[in-house]
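A.B. asks: I have a structure here, written as structure tokens, and I will follow up with some questions on it.
The values are calculated or read from the model by the stated rules, or taken from the named source; none is laboratory data. These numbers come from a predicted model, not from an experiment. Note that we place each Cβ from the backbone using ideal geometry, even for glycine, and neighbour counts take in every protein chain shown. Remember, those area values only see protein heavy atoms, side chains included, never the ligands or the DNA or RNA. Shrake-Rupley method; radii C 1.70, N 1.55, O 1.52, S 1.80 Å.
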Protein chains: 2
Amino acid sequence: MERKQKKFKRSLKKAELSVRYSINNRNMTMIEETSTENIDRRIQLAVEAFQFLKNTTINERAEFMNAVADQIEALGEELLTTAHAETSLPLARLTGEKARTVGQWRMYAKAVATGIYTEPRIDLPQPEKQKADLRKYNVGIGPVVIFGASNFPFAFSTAGGDTASAIGAGCPVIIKAHPAHPKTSQIMADAITTVVTAFGWPEGIFSHITGTSYVIGAYLTQHTDIRAVAFTGSFNGGKALFDIANRRENPIPVFAEMGSINPVFALQRLLETKAETLAKEYITSLTLGVGQFCTNPGVFIALKGKSLDRFINVLKDEIQNVAPANMLHKGIFENFEKQKNVATEQSDVELIAEVNTETEGWQGSASIIKTNAQNFINNPVLSEEVFGPFGIVVECETPEEITKIAQHLKGQLTITVAATDEDARDNSKLINILKDKCGRLLFNGMPTGVEVVYAMQHGGPFPSTTDSRFTSVGPDAVKRFVRPISFQNWPDEFLPEELKNDNPLQIDRIVDGKMNSGSLKLQTT
Amino acid sequence: MERKQKKFKRSLKKAELSVRYSINNRNMTMIEETSTENIDRRIQLAVEAFQFLKNTTINERAEFMNAVADQIEALGEELLTTAHAETSLPLARLTGEKARTVGQWRMYAKAVATGIYTEPRIDLPQPEKQKADLRKYNVGIGPVVIFGASNFPFAFSTAGGDTASAIGAGCPVIIKAHPAHPKTSQIMADAITTVVTAFGWPEGIFSHITGTSYVIGAYLTQHTDIRAVAFTGSFNGGKALFDIANRRENPIPVFAEMGSINPVFALQRLLETKAETLAKEYITSLTLGVGQFCTNPGVFIALKGKSLDRFINVLKDEIQNVAPANMLHKGIFENFEKQKNVATEQSDVELIAEVNTETEGWQGSASIIKTNAQNFINNPVLSEEVFGPFGIVVECETPEEITKIAQHLKGQLTITVAATDEDARDNSKLINILKDKCGRLLFNGMPTGVEVVYAMQHGGPFPSTTDSRFTSVGPDAVKRFVRPISFQNWPDEFLPEELKNDNPLQIDRIVDGKMNSGSLKLQTT
């Protein structure tokens, strides 16, 4: 194991000179490449902090999380103006995202405190049947590495939902800051560290690793003391971490949310009656935030005909109302332009709508192409996510072609069925297939706007995420970072509060197979 | 993907002539190598059956599972005599294991019917806040491949807990029968198929694949339509499947339970007062069922001294009372003898107890060696599981050495702390470390005997299993085979029963963040 780490250290040195993220050149912020010595030290601190954190109760962690929420809430204008300068995101959007981030910490804290993710189960002893006293609950899995995302500098980054859910689970967090918003990340990291200090908790609870080299991410992921990884970003980035983690001597889970083309299936009756409204809704969702959402509806599938022509005609007009705006950073802008052009240059593809306004700087300019079902199925380029305001309309000759597309689809974060009730009744087979292809299935409406609620599933079959069994949005995100441990025949004194006889935390527990929120009356032996 | 499958088919043909399991030669049963054409056909049937099964309700699946339990219970003497002939396991043990297997189906059925693994969450719409109606529940992950285990021909094999939990989750099952008990497997498969037919369910719900070549397992695991794999067996077998699954174009989870050395840490006061009792308990557990349990306590760790000498002296005597008995099959016997001899021949190792009786056939003969802490830590051979009645006593010079061993340990299914309350109080740091190293932590007693209850955790950190977050024993085993799906704004008519407004299944659901078992009163819109 040690030899492996030395090898990584050598490759890290090389890589510092070569591979680099495309950074927003506007911010002349120098990003410090955290040294491997410092990374090792922070991970060692995290290992030590875990011995403390795993023995905190759900209430203690909830209190900590609420304090982080307060701390972030109290951050002044500096946070917003810094993030605005680093990401080009409008202040209004950032204000909303800050509130969402604060809300996430509070909501997850409340959920953690209910004990729902602790899942306590107690099977009382039955000496006459030689049955033992068995008590199980979920503990944190260990130190977790989290990669900040570029497109949500607050909600999916340093102090985002991944960090909140890992700490809620009882896991120390090592953040790999996204290099596109280094100052924002530092402000958030300081806020969390302030709370760690105020609580007198071990400093290893939270670490902030900075750097522009991919190798830092690889180094963190292969480190023998790391127990899980969370990532939001590109397929290539997420898949690389997934592979590293699985090839370790002791493999660990990687929760990578890698994006999606979020198809909209428009069924015939709905399209006939609402082509115009649907077009307006579609273009609004497609171009929201310069299309920089992982739930951006990149593909629109419908039957060829007059209704679809009406839909397309409205797209042509409506797209002119989309004001071009700067994308998150130069790298994202360049990638968007490149991928958009590659898709548009494929054979049997027609450009049907584009913004006529001239663009400047890193303004992503919306456009929509059209193709036929056969071409969409046969040409894998057209199923690749284009991160930005770009859509594909797929014209199908027959309902069977629509079904074929459904069967052909890879895993998606979301799929939308635009339908009347009658459409849905007539297309139950299609809808049944679509259920296997996504984490969230919408009936009308558009997929952008991922609500932070219990019932949210933000995670779909591969390749939209590496693990469709978990969500990265909503309090259920905590589940990613726990594992169960059973205690057999332990005296009450040594059990965690969550499993003690008198149920001091007053949580729901499954006792002998039945839900029970009381204390246990045991016969003294 | 198709090319890959062709390549696999070619390698399968070659392998049929070469790689083979070591089969119990006594049974001259010819094992049919299921052809890849038949495997492909069965997987296609499973894919079709999944479209049906995923839309069954928890009650329908529970009814099916209870019918399987009845069917197995009704199986006559033939099942027991066949299994006895194929495995050498005593009839009394097999009678108990049959009852356990029937009990598992009934218990898991009951658990599934409560909706606990469906985890329904509903967030009602708030139109004034533009919040959607979101409803989430767990569905089956898709067709699952399950590998039968040799050491539990009923409870961990064709109709074992893995099959029960996968069907409970709503997943069609493709069994790869263990070639050590082919006739037993066929009887169990027929029992399940009888119920599938009686229910009029699609035949693809359950498939029985036979063969002796490892390549069949690889072929099943790499098949693009398989969604998860469960395995109980050797590290090499489980790890190979894990690697294949992660290298697929669409990676899938593998739940492999790969065994463990299940250390017993005997603390000083307990050892002083109970050396003799402890020795008797230890030897009984170590040699139970000819040591062929994955929870066999293969290592005993304690401080050097008079108490440990007393413990060892009793071992020397007690081991003579262990009657040698046939192991499961020739391959297991040969492997046991080989591994036992390799361990015993290591340097700084002393043979301290062995059975004097002559053995014959495939009788595994118990023995115990002794070594020092430094040698145990430095020599990885001594940390390898020896499947059979073989133990290692590790003599430590100081309590610090005991802690070092704890830190050095890889993941285990179980760890036992043999201690008085005072010992436990004095060794809280040691116990805190041990929590990270196992799935089940015992306070005295011995780890063999894995109770089928909610609070059981049969699954520990790598390499004892590939995924410490799940258990393969107890109803929680169902969790391995589900994934969540969210429905946004769907009319009640199209929702699964589990999520409908009037809660027809009367299950507990989290509604707007609170537990709710009633029906929902919604304002009509």
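A.B. asks: Got a sec? Which residues of region A:481-500 lose 20 Å² or more of accessible surface with every protein chain in place, vs. that chain alone, 1.4 Å probe?
C.D. replies: A:Arg483, A:Pro484, A:Ile485, A:Ser486, A:Phe487, A:Gln488, A:Asn489, A:Trp490, A:Pro491, A:Glu493, A:Phe494
A.B. asks: Threshold 40 Å², probe 1.4 Å: give the residues of region B:400-426, in number order, that are less accessible with all protein chains present than with their chain alone.
C.D. replies: B:Arg425
A.B. asks: Counting only Cα, what are the radius of gyration and maximum Cα-Cα distance Dmax of region A:27-179, in Å?
C.D. replies: In Å, with Rg to one decimal and Dmax whole: 19.3, 74.
A.B. asks: Expressed as a whole percentage, what fraction of the accessible surface of region A:24-164 belongs to carbon and sulfur atoms when a 1.4 Å probe is rolled over the protein heavy atoms?
C.D. replies: Whole-percent figure for carbon plus sulfur exposure: 56.
A.B. asks: Counting only protein heavy atoms, what percent of the accessible surface of region A:232-315 is carbon or sulfur at a 1.4 Å probe?
C.D. replies: Carbon and sulfur: 56 percent of the exposed surface of region A:232-315.
A.B. asks: Indicate the gyration tensor shape class of region B:234-337 (rounded, prolate or oblate), computed on the Cα atoms with a ≥ b ≥ c the square roots of the eigenvalues: a/c under 1.5 is rounded; otherwise a/b larger than b/c is prolate and the rest oblate.
C.D. replies: Taking the square roots of the gyration eigenvalues as a ≥ b ≥ c, region B:234-337 is oblate.
A.B. asks: Quick check: convex hull of the Cα atoms in region B:430-498, volume per residue, rounded to a whole Å³?
C.D. replies: So the per-residue hull volume is 134 Å³.
A.B. asks: Place a point 7 Å from the Cα of B:Lys435 along the Cα-to-Cβ direction; which residues of region A:485-525 have their backbone N under 18 Å from it?
C.D. replies: Residues A:485-507 qualify, since their backbone N sits under 18 Å from the label point.
A.B. asks: So, one more: Quick one: net charge around B:Val173, please, counting Lys, Arg +1 and Asp, Glu -1 for every other residue with C-beta under 13 Å from its C-beta.
C.D. replies: Value of the local net charge: +3.
A.B. asks: Answer with one residue from B:Met515, B:Gly364, A:Gly148: the one whose Cα lies farthest towards the positive end of the charge dipole of the protein assembly as shown, charges on Cβ with Lys, Arg +1 and Asp, Glu -1.
C.D. replies: B:Gly364
A.B. asks: Something else about it: In nm, one decimal, shortest first: how far is the label point of B:Thr193 (7 Å from Cα along Cα to beta carbon) from the matching points in the other copies?
C.D. replies: Ordered by increasing distance: 6.6 nm.
A.B. asks: Once the label point is placed 7 Å from Cα along Cβ, list for B:Leu351 the distances to the corresponding points in the other copies, in nm, shortest first.
C.D. replies: In ascending order, 8.3 nm.
A.B. asks: Please give the net charge around A:Val254, taking every other residue with its beta carbon less than 14 angstrom from that of A:Val254, where Lys and Arg add +1 and Asp and Glu add -1.
C.D. replies: Neighbourhood net charge equals +3.
A.B. asks: Treat region A:192-247 as a sphere of radius equal to its Kirkwood radius over Cα pairs and apply Stokes-Einstein at 25 °C in a medium of 0.890 mPa s; give the translational diffusion coefficient in µm²/s, rounded to a whole number.
C.D. replies: 188
A.B. asks: Measure off 7 Å from each Cα along the Cα-to-Cβ vector at A:Glu203 and B:Arg269, then give the distance between these two points in nanometres to one decimal.
C.D. replies: According to this spin-label approximation, the distance is 3.8 nm.
A.B. asks: Here's another thing I want to ask about it. Tell me the net charge near B:Ala191. Cut-off is 12 Å between Cβ atoms, B:Ala191 excluded, with +1 for each Lys or Arg and -1 for each Asp or Glu.
C.D. replies: Local charge sum for B:Ala191: -3.
A.B. asks: State the volume of the convex hull built on the alpha-carbon positions of region B:143-196, expressed per residue in Å³ and rounded to an integer.
C.D. replies: Spelled out: Cα convex hull of region B:143-196, divided by residues, is 59 Å³.
A.B. asks: Looking at this model, which pairs from B:Lys54/B:Lys183; A:Lys500/B:Lys54; A:Lys306/A:Lys429; A:Lys98/B:Lys129 are more than 27 angstrom apart at the alpha-carbon?
C.D. replies: Flagged as over cut-off: B:Lys54/B:Lys183; A:Lys500/B:Lys54.
A.B. asks: Further question: Kindly report, to the nearest 10 Å², the accessible surface of A:Thr194 as traced by a 1.4 Å probe over protein heavy atoms only.
C.D. replies: 70
A.B. asks: At B:Gln130, with labels set 7 Å past Cα in the Cβ direction, how many nm apart are the copies from this one, shortest first?
C.D. replies: List, nearest first: 6.5 nm.
A.B. asks: If you count, for every residue in A:440-453, the Cβ atoms of partner chains within 10 Å of its Cβ, what is the mean?
C.D. replies: Per-residue shielding by partner chains comes out at 5.
A.B. asks: Give me, ordered by chain and number, the residues 5 or more places off B:Val139 or on other chains with an amide H under 5 Å from its own placed amide H.
C.D. replies: B:Arg483, B:Ile485
A.B. asks: Hey, another quick one. How large is the dipole of region B:298-399 about the Cα centre if only Lys and Arg carry +1 and Asp and Glu carry -1, each at its Cβ, rounded to the nearest 20 debye?
C.D. replies: That gives region B:298-399 a dipole magnitude of about 200 debye.
A.B. asks: Return P(r) of chain A (all Cα-Cα pairs; 20 Å bins starting at 0; whole %; ordered from short to long distances).
C.D. replies: Result, from short to long distances: 22, 49, 26, 3, 0 percent.
A.B. asks: Now for a separate question. Could you give the accessible area per residue of region A:427-503, probe 1.4 Å, as a whole number in Å²?
C.D. replies: On a per-residue basis, 22 Å².
A.B. asks: Skipping prolines and chain starts, which residues have an amide H placed within reach, meaning under 5 Å, of the one on B:Cys438, given they are 5 or more residues away or on another chain?
C.D. replies: Placed amide hydrogens put B:Gln412 under 5 Å from B:Cys438.
A.B. asks: Moving on. Could you quickly flag the chain A residue whose beta carbon comes closest to the rotation axis taking A to B, and that distance in whole angstrom?
C.D. replies: Nearest Cβ to that rotation axis, in whole Å: A:Asn246, 2.
A.B. asks: Also: Based on the alpha carbon coordinates of the protein assembly as shown, what radius of gyration and maximum Cα-Cα distance (Dmax) apply, in Å?
C.D. replies: Using the Cα atoms of the protein assembly as shown, the pair Rg, Dmax is 29.3, 93 Å.
A.B. asks: Let me ask something additional. Quick one: the Cα spread of region A:144-293 along its three principal axes, in angstroms, biggest first?
C.D. replies: Principal extents (largest minus smallest coordinate, Cα): 61, 37, 29 Å.
A.B. asks: Along the charge dipole of chain A, pointing to its positive end and built from +1/-1 on Cβ of Lys, Arg, Asp and Glu, which listed residue (A:Ala477, A:Phe387, A:Ala67) has its Cα farthest out?
C.D. replies: A:Ala477
A.B. asks: Just grab the label-to-label distance for A:Val342 and A:Asn501, each label 7 Å out from Cα along the Cβ direction, in nm (one decimal).
C.D. replies: 6.6
A.B. asks: Computed on protein heavy atoms with a 1.4 Å probe, what is the summed buried accessible area for the chain pair A and B, in Å² to the nearest 100?
C.D. replies: 6300
A.B. asks: If every alpha-carbon in region A:375-512 counts as one equal scatterer, what log10 I(q)/I(0) does Debye give at q = 0.22 1/Å?
C.D. replies: -1.47
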